[in-house]
Amino acid sequence: MREATGDDWPQIWTIVREVIREQTTFAYDPGMGEADAHRMWMLGAPARTVVAVSGERVLGTANMYPNRPGPGSHVASASFMVDVAARGRRVGRTLVEDMIGWARREGFAAVQFNAVVETNASAVHLYEDLGFRTIGIAPGAFRHPIEGDVGLRIMWLDLHDETPPG
């Protein structure tokens with residue numbers, strides 16, 4: 001795990017392009033071009049973009065940032081993407097744990113994920129295992145290419161709550 005650099009972008013773009021083309025986990029335009037994806041993913045301070053690597057190979061990536069500006073800036077949020085070939089190898093868990101650590105170090109009060117696709121069972125399970133809880137579902141807010149219209153979960157982790165996950 002390390003901070004992403006400009007040299008990582010070609011591999012990050014490969015992952016981002018594949019994930020958004022799948023249309024199963026992110027509400028991003030599947031026709032998004034590389035320049036727009038770069039602006040959206042490679043965020044500057046106070047945000048942070050990281051990569052999970054094995055040698056020189058990028059296995060996954062995350063960006064993290066204040067969920068909202070101004071009065072909402074005390075709550076963090078993030079996005080995570082894992083290379084299809086690296087899924088099931090705890091890359092996502094490593095990225096999420098790193099993000100939670102960052103949010104704690106930066107003094108955020110909580111983490112809020114605004115749009116977790118209800119059918120993304122592995123992500124929902126991972127987040128719940130790390131202590132997140134679903135605080136609401138927008139029914140039918142995501143148009144899944146196979147399942148049809150499914151809900152988007154809003155998931156919350158109170159960083160002041162010292163209750164261990166699970």
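Does the range 130-137 contain at least one residue that is touching a residue at least 24 places away in the same chain (Cβ under 8 Å), assigned to a loop (DSSP other than H, G, I, E, B), out of contact with any Gly (no Cβ under 6 Å at 6 or more places or on another chain) and of a type in the set (Phe, Trp, Tyr)? Looking through the range 130-137, at least one residue is touching a residue at least 24 places away in the same chain (Cβ under 8 Å), assigned to a loop (DSSP other than H, G, I, E, B), out of contact with any Gly (no Cβ under 6 Å at 6 or more places or on another chain) and of a type in the set (Phe, Trp, Tyr). Taking Gly148 as the residue in question, decide whether it is open to solvent by 50 Å² or more (accessible area, probe 1.4 Å) and at pLDDT 95 or above. No, not satisfied. Under the condition of being free of Cβ contacts under 8 Å to residues at least 40 places away in the same chain and touching a helix residue (DSSP H, G or I) at 6+ places or on another chain (Cβ under 7 Å), the residues counted in the range 82-125 number 4. The residues of the range 86-121 that are more than 14 Å from the chain's Cα centre (by Cα), closer than 19 Å to Gly55 by Cα and not in a loop (DSSP other than H, G, I, E, B) amount to a single one, Ala86. A Cβ distance below 9 Å, combined with a sequence gap of six or more or placement on separate chains, defines the contacts here; from the range 60-81, residues that are without any contact (Cβ under 8 Å) to a residue 12 or more places away in the chain reach residues that are open to solvent by less than 20 Å² (accessible area, probe 1.4 Å) and not in a loop (DSSP other than H, G, I, E, B) in the pairs Arg68/Val75; Arg68/Ser77.
The values are calculated or read from the model by the stated rules, or taken from the named source; none is laboratory data. This is a predicted model, so every value here is computed, not measured. We place every Cβ from the backbone using ideal geometry, glycine too, and count neighbours over all the protein chains shown. Just so you know, the surface numbers come from the protein's heavy atoms only, side chains and all, with ligands and any DNA or RNA stripped out. Shrake-Rupley method; radii C 1.70, N 1.55, O 1.52, S 1.80 Å.
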